[in-house]
């Protein structure tokens, strides 16, 4: 690869957050840490498909597929915890390959609408399925007791690993093809690149991450129901990406942390946390079109003098 | 059809494309030979772009045959044809504006070159040849038009095609930039043995750089030959070059 991957920052950052989770003893804080980690992974998954220029509202469906797969594997099949967890990601990726093969020939609003429709259709399937618990969903999706005290650290570690993997992919030559597709698909095609194949690969990788987020949601929440996986999930993820900034993989992380923490604070006040998402998105779009990370980068550029923006 | 013992890289036979009732390209025959720069010229609406899209697989012919590197490629997809070694550019915005020049050129190497290090070597070499080295870290979309045009050629040539097809690469360039681009095309031909199909409006440039020229008019081949032959061709002068050139 040869490019500056900023690995020391990554290792330091991951060590820092993992270390911090070890200090968490309060169950409420632990649950917020889990929710933040999972939200961050969903947002990063959504952003990964944004690299090819598409808004993937089916992200919510793949989170749901991961959650229901892990839930079924643990409660019905009684498979080992880690196997069930990874299975959620794999099944989501496999379904997404079929879905992507059919739908990735469309673009823009059409692709978005198909993703939206798919998410709602899959949700109806859960609610009609007796095996999956219908409208009330599945209960009793527990990790092994030995995992219990380490859950926030475990969830954070899995999420960090996935996000780091997606970062490496984005910075690889494969990632450059993704950006090229967003910028100018025709040119990429003329130099021998199979665009549909690359799009499906991108989609499947993102869906694996979304499925893993679903698995983690199932085992940390212990209860899942169809309502958890409506298109709103994707809309929130989009808010994390837009508020945090989409230029950089750190953006969705910042957005997820900020909005989830704000949201839980609002819940504590007895307010509707959705108002915060709405307000944050409006403020972000009006005041910081490149998100928080974009604003910080511009501030840094100004401090260090102009002309260094493209140096990386 | 053989030309002095050289097998054609590309051959069209009776190539025709209709759009509803409109016949955009009708019964077009021509060859591109190894190591030549072939100019495809003609007034607006003569069928140049359609022909260009037909040979790169972006349009399917309504009739006729397309042979590329000795293989029948009639109706083959753009991907298949580009992977065989026929790489094209587009008239407008033939690059990735948000990516650096380095990454733009790198994109051209990904399919053909194994290994990240070798790809970077190839990209650097290509940039050097096109004089783009000073711009490698710049965002392609922010560069002057003339440089962007060179980047487009760079992306395509980084794939090291056997036949490079350029769609009006000189449009909007000043004299220095035109001379510079023509020198690049000659280098591509002479140093790499790559043939070039040049669809172009700039007559002076076409006459200067092309080994042979095919003139399209109303979707048909009006004439073909060396620049000297084309310059002397009465029908071409009437149809296309106009009185100023005729005198």
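The values are calculated or read from the model by the stated rules, or taken from the named source; none is laboratory data. The structure displayed is predicted, hence computed values, not measured ones. Backbone-built Cβ (ideal geometry, glycine too); neighbour counts: all protein chains shown.
Here is a yes/no grid of residues against (1) more than 7 Å from every other protein chain (Cβ to nearest Cβ); (2) crowded, with 22+ Cβ neighbours inside 10 Å:
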| position | (1), (2) |
| --- | --- |
| B:82 | no, yes |
| B:85 | yes, no |
| B:89 | yes, yes |
| B:94 | no, yes |
| B:106 | no, yes |
| B:111 | no, no |
| B:115 | yes, no |
| B:123 | yes, yes |
| B:128 | yes, no |
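Residue-by-condition table, conditions (1) under 23 Å from residue B:99 (Cβ atoms); (2) buried (at least 24 other Cβ atoms within 10 Å of the Cβ):
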| residue | (1), (2) |
| --- | --- |
| A:7 | yes, no |
| A:11 | no, no |
| A:25 | no, no |
| A:38 | no, yes |
| A:45 | yes, yes |
| A:56 | yes, yes |
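Name the residue, out of A:178, A:169, A:113, that is loosely packed, with under 15 Cβ neighbours inside 10 Å, in a helix (DSSP H, G or I), assigned by TED's automatic domain parsing to the domain that holds residue A:99 and within 23 Å of the chain's Cα centre (by Cα).
Values: A:178 fails: loosely packed, with under 15 Cβ neighbours inside 10 Å; A:169 fails: loosely packed, with under 15 Cβ neighbours inside 10 Å.
Of A:178, A:169, A:113, the one residue that is loosely packed, with under 15 Cβ neighbours inside 10 Å, in a helix (DSSP H, G or I), assigned by TED's automatic domain parsing to the domain that holds residue A:99 and within 23 Å of the chain's Cα centre (by Cα) is A:113.
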* Tell me, yes or no, whether the stretch A:193-207 has at least one residue that is in a loop (DSSP other than H, G, I, E, B), surrounded by fewer than 21 Cβ atoms within 10 Å (Cβ to Cβ) and free of Cβ contacts under 8 Å to residues at least 24 places away in the same chain. => yes
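When you look at residue A:93, is it at pLDDT 95 or above and closer than 23 Å to residue A:136 by Cβ, yes or no?
Working: at pLDDT 95 or above: yes; closer than 23 Å to residue A:136 by Cβ: no.
When the stated conditions are applied, residue A:93 does not pass them.
Would you be able to say whether some residue in the stretch A:251-263 is more than 30 Å from residue A:94 (Cβ to Cβ) and modelled with pLDDT under 85?
Just the residues of the stretch A:251-263 that are more than 30 Å from residue A:94 (Cβ to Cβ), to begin with: A:254, A:257-259, A:261-263.
Next, from what is left, pick out any that are modelled with pLDDT under 85: A:262-263.
Yes; the residues of the stretch A:251-263 include at least one that is more than 30 Å from residue A:94 (Cβ to Cβ) and modelled with pLDDT under 85.
Condition first: in a loop (DSSP other than H, G, I, E, B) and on the phi > 0 side of the Ramachandran plot. Now tell me which residues in the stretch B:27-79 satisfy that. I'd like the intermediate steps shown before the answer.
First, pick out the residues of the stretch B:27-79 that are in a loop (DSSP other than H, G, I, E, B): B:33-36, B:42-47, B:56-62, B:69-70, B:73-77.
The answer is B:35, B:42, B:45, B:47, B:57, B:69, B:70, B:75.
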